[in-house]
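Shown next, in structure tokens, is the structure this report addresses.
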Number of protein chains: 2
Amino acid sequence: MCALSRRDFVHTTALGTIAMIRTPLGPNGPQDQGWKQLRINGDRLNKHLVNLSQFGRIPEGGVNRIAFSPADIEGRGFTMQLMRDAQLEVHIDPAGNIIGRREGHLPDLPPILFGSHIDSVPEGGNYDGDLGTMAAIETAQSLAEAGYQNRHPLEVIVWCDEEGGLTGSRAITGILPEEELTDLGRDGVSLREKIRRIGGDPDRIADAKRERGEVAAYLELHVEQGRILYDQGIQVGVVEGIVGIHQYDVTIEGFANHAGTTPMNIRKNAMLTAAEIVLTVDRVVKSKPGRQVGTVGRLTLEPGAPNVVPGLVSLTVELRDLDSAKIGALWAEIHTEIDQLAEKYGTPTHYERARTNDPALSDPQIRELIAAAADDLGLSSLHMPSGAGHDAQTLAMICPVGMIFVPSVEGISHSPREFTEPEDVVNGGNVLLQTIVRLDRA
Amino acid sequence: MCALSRRDFVHTTALGTIAMIRTPLGPNGPQDQGWKQLRINGDRLNKHLVNLSQFGRIPEGGVNRIAFSPADIEGRGFTMQLMRDAQLEVHIDPAGNIIGRREGHLPDLPPILFGSHIDSVPEGGNYDGDLGTMAAIETAQSLAEAGYQNRHPLEVIVWCDEEGGLTGSRAITGILPEEELTDLGRDGVSLREKIRRIGGDPDRIADAKRERGEVAAYLELHVEQGRILYDQGIQVGVVEGIVGIHQYDVTIEGFANHAGTTPMNIRKNAMLTAAEIVLTVDRVVKSKPGRQVGTVGRLTLEPGAPNVVPGLVSLTVELRDLDSAKIGALWAEIHTEIDQLAEKYGTPTHYERARTNDPALSDPQIRELIAAAADDLGLSSLHMPSGAGHDAQTLAMICPVGMIFVPSVEGISHSPREFTEPEDVVNGGNVLLQTIVRLDRA
């Protein structure tokens, strides 16, 4: 789907230059359109993805590359070598993020950041994070090979511990609480110690912080992790923003009793209330126009035996939307109904907000640049929210951000079955490259 | 509430005889009503219950006296001594049941069996099983002390492993499958080995079997384990039968997907189907007149994270009633609705029968004897089903059975908080004694 076939690419880059580029690639004014012909090396990008997938490989074909694990550390070593091959100057910041810098020729401009992560969820796939990271390095390498003279410094960044809670990006924006560094995790090891293991310097973590104005923009390519693009056959998603997430823990108190000896009319069955809540969340969320989602994905009941009336149910209601006010209105409607259900079933019900991520909108100008890049590449695109969280949502606190999505086959993610077609990998890399160049020249 | 005050009892039994009994206590014809004055020693019975509660005692006040555990074996030792004190001839049958026999003076009559169990559920209470066992021994002791001449042999029986699955009573009726003896339990020990540990002889287990006609009747006193008697302030329950139990395991297949990236309208959310099933079971069971009960007490969902659409739900529907046909009709209605829900939500749903206990009706004549005994003792009584399972349901395969219930405070059972008032303990013991004598004379 890209302007050059993949075979052309391999051939031309083997010659150390890019075919069809006739003018120097510096920012020589609006009349110089040579940069528009810049393309990544798609075969190399797909090969790097395959190579990275060997670190933490599991029999099912995906990876166990949990942040700070040996597989993660080995994968970081491999990634740093690729960055050096791409002529980037590589260092690990105090928070454990890997940064590869290419200086710009206007030294006073703030850097453009772009990248992703290589850590995975347990039994994760080979595209979530990996694609954005390898494509960012490929972009840098293609620019270097083409002799592109960037005005801004370019920084390829590999975030530390994205899946564990956006650790690296929260450190860079200064919102990682000290107690998170100190508390011992389930494995008995503190985050402080883990950051040290991967070459960070937790005692100097404040030095990793970037202030507003110190970063020109942040851009990230990612697989959609949903099936909107896949189902609609669209090649590129222009992310409007990362949805806010509100989670509420709900506890329903019934009374556990013998299911044989307790007549129906005197039961306090917490599971009946819970079942109605599950259906209420679905009904209320679907009753409004828009792309909000609402889910009860966690539900446990006690004691949980077939012959005992459930005495206690605990569940989590999760609501997501790009608009915080809309989430608030949905929850107001849901919790009013929950109160009525608690009354109806005689099962006192409590709730507390367990987690709040505010929505993070992407920068409208960057959206336009992404859409224009896709358009120039002959790729179809769609403006859409990101239902999943990403480091970009944290970066949005200090700089304009943008995200590019490519399709996930069948929308499968966080699974060894996660897959993105090699063609879509190349498309994403080219949109990233072209958007970086446009940002640099903007 | 009994005809003599408790103080009178202690006094009179200390003299080795029963006050107010003026004629010999043999079955000297219908004109001899002396046996009607027979009473148990209520203080002694309550004291024995307290003493038994020390074996396997837990800090919360109940017991961990799982069958075959050291606490169970110690408790059995204590119980066998009480049986010998009650002038019973004690042996352990090949299945591990403790049997204490008092010969009758008409040697050709089959024995009347009565008793219960002393094993408990994990963190159980001090009345479930214990009451019936101690009251049976107390009955034997009171009869011995009063010089009562029984026609039938009387056998006090302490069932092996009631809570683990009516093991001892299934052995006596010949329905304990060989593979249950051989299979290794979760603890890696076979039932065969466990029965050996408590003095049984699993190689000769067939010898424990009693044929139809070899037992005159089986009678058991038990705490209700529900709150019908407690709520209505009634002293004695005349059990009409032990309800049948049908359990169906239901599996609902949705598709696990990212709760942020999967639009509401393309989800296959197994939990929505499950919630409707939970409410359907409750609605259908309540829609018919009668005392049937229906419960979803077990429900698990996968993967069970707040941010993942539930992909798989597994739950158990349990239905109980005295009438198998009624259970069948309820399930037919429920599974028709389940099929419709599976269709509605696009979540294929499978079910299989996981357990079937047929209802076991008590003998109408024994019911009458129990009610008459209660009446003569000045106790209020109510005919009612047993919603819980008991060894009596197995015995019903080979002989007429009867069960006597006394109130459980607040209906609490299988809990350290299980409690029955000492007065109700004494009432139950007296109804047991009076019913045994009536059975013997019938």
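This model, with +1 at the C-beta of Lys and Arg and -1 at the C-beta of Asp and Glu, gives segment A:244-357 a dipole about its Cα centre of some 240 debye. With contacts taken as Cα pairs under 8 Å and at least 6 residues apart, chain B reaches a relative contact order of 22 percent.
Sorting B:THR182, A:THR280, B:THR133 from the fewest to the most surrounding beta carbons within 10 angstrom yields B:THR182, A:THR280, B:THR133. For the protein assembly as shown, a simple Cβ point-charge model (Lys and Arg +1, Asp and Glu -1, everything else neutral) yields a dipole of about 340 debye relative to the Cα centre. Given R₀ = 25 Å, what would the calculated FRET efficiency be for A:MET264 paired with B:GLU214, taking r from the Cβ atoms and rounding to 0.05? Step by step, r from the Cβ atoms, then E = 0.05. Packing around the peptides B:318-324, B:338-344, taken as the average count of other Cβ atoms within 10 Å per residue, puts them in this order, highest first: B:318-324, B:338-344. So which trypsin sites (Lys or Arg not before Pro) in segment A:407-442 pass both tests, a DSSP loop state and at most 16 other Cβ atoms within 10 Å of the Cβ? Passing both the DSSP loop test and the Cβ count: A:ARG417. With a Förster radius of 30 Å applied to the beta-carbon distance between B:ALA325 and B:GLU368, the computed FRET efficiency rounds to 0.75.
Whole-Hz Karplus values for segment A:375-380 come out as 4, 4, 7, x, 9, 6 Hz, taken residue by residue from phi with 6.51 cos²θ - 1.76 cosθ + 1.60 and θ = phi - 60°; glycine and proline positions read x. The phi torsions of segment A:308-317, fed into the Karplus equation with coefficients 6.51, -1.76 and 1.60 and a -60° offset, translate into couplings of 10, 5, x, x, 8, 10, 10, 8, 10, 9 Hz, rounded to whole numbers, with Gly and Pro shown as x.
Label point of A:PHE78 (7 Å along Cα→beta-carbon): distances to the other copies' equivalent points are 6.4 nm, sorted ascending. Look at the dipole of the protein assembly as shown built from charges on Cβ: of B:SER69, B:PHE55, B:LEU439, the Cα furthest out on the positive end belongs to B:LEU439.
For chain B, the dipole from Cβ point charges (+1 on Lys and Arg, -1 on Asp and Glu) about the Cα centre works out to 500 debye, to the nearest 20. Here the convex hull built on the C-alpha positions of chain A has a volume of 151 cubic angstrom per residue. Placing R0 at 51 angstrom, the Cβ-Cβ distance between B:SER314 and A:ASP375 gives a FRET efficiency of 0.55 after rounding to 0.05.
Amide H contacts of A:GLY115: A:ILE157, A:LEU219, A:LEU221, each under 5 Å away and 5 or more positions distant or on a separate chain (H built 1.01 Å from N in the peptide plane; Pro and chain starts excluded). Averaged over the residues of B:306-319, the number of partner chain Cβ atoms lying within 10 Å of the residue Cβ comes to 4. Per residue of peptide B:42-55, the mean number of Cβ atoms on other chains within 10 Å of the residue Cβ is 0.
Shown for A:VAL63, A:VAL426, A:VAL189: other C-beta atoms within 10 Å of each C-beta, ranked fewest to most, produce the order A:VAL189, A:VAL426, A:VAL63. Once the Cα atoms are used to define both axes, helix A:70-85 deviates from the longest principal axis of chain A by about 20 degrees.
Relative contact order for segment A:244-357: 45 percent, from Cα pairs under 8 Å spaced at least 6 residues apart, divided by residue count. Counting only other chain Cβ atoms within 10 Å of each residue's Cβ, the peptide B:237-247 averages 1.
If a spin label sat at a point 7 angstrom from the Cα of B:MET397 along the line to its beta carbon, the backbone N atoms of segment B:223-257 nearer than 17 Å would be those of B:242-246. Computed from backbone phi, the HN-Hα couplings of segment B:399-412 come to 7, x, 10, x, 9, 10, 10, 10, x, 9, 4, 6, x, 6 Hz, rounded to whole numbers (Karplus: 6.51 cos²θ - 1.76 cosθ + 1.60, θ = phi - 60°; Gly and Pro given as x).
Quick check of the Kirkwood formula: for segment A:148-286, what is the inverse mean of 1/r over all pairs of different Cα atoms, in Å? Every distinct Cα pair counted, the radius reaches 20.8 Å. If you look at the Cα atoms of segment B:244-357, you get an Rg and a Dmax of 14.9, 50 Å. Taking segment A:133-157 and a reference point 7 angstrom along Cα→Cβ of A:ASP108, the backbone N atoms nearer than 20 Å belong to A:150-154.
Could you let me know the centre-to-centre spacing of segment A:282-339 and segment A:174-223, using Cα atoms, in angstrom? Segment A:282-339 and segment A:174-223 have Cα centres separated by 32 Å. Each copy carries a label point for B:HIS105 at 7 Å from Cα along the beta-carbon vector; from one copy to the others these points are 12.5 nm apart, nearest first. The angle separating the long axis of helix B:422-441 from the principal Cα axis of greatest extent in chain B is about 70 degrees. Taking all C-alpha pairs of the protein assembly as shown, those more than 37 Å from each other amount to 57 percent.
Expressed as an acute angle from 0 to 90° and rounded to the nearest 10, what is the orientation of the C-alpha long axis of helix A:270-286 relative to the principal long axis of chain A? It is inclined by approximately 40 degrees. In segment A:371-430, with Lys and Arg counted as +1 and Asp and Glu as -1 at Cβ, which of these residues, A:SER386, A:ILE404, A:ASN427, has the Cα nearest the positive end of the dipole, that is, farthest along it? My answer, from the dipole projection, is A:SER386. Which shape class applies to segment B:351-441: rounded if a/c is under 1.5, otherwise prolate when a/b exceeds b/c and oblate if not, where a ≥ b ≥ c are the square roots of the Cα gyration tensor eigenvalues? Because a/c hits 1.5 or more and a/b fails to exceed b/c, segment B:351-441 counts as oblate. Taking every lysine pair in chain B that is 8 or more places apart or spans two chains, those with Cα atoms closer than 29 Å amount to 8.
Considering only A:LEU279, A:PRO348, A:HIS335, the residue lying farthest towards the positive end of the dipole of segment A:244-357 is A:LEU279, judged by Cα position with unit charges set on Cβ.
Quick note: the coordinates plus some simple rules give every number you see, no bench work behind them. Keep in mind that this is a model prediction, so the values were computed, not measured. Note: ideal-geometry Cβ built from the backbone for every residue, glycine included; neighbour counts use all protein chains shown.
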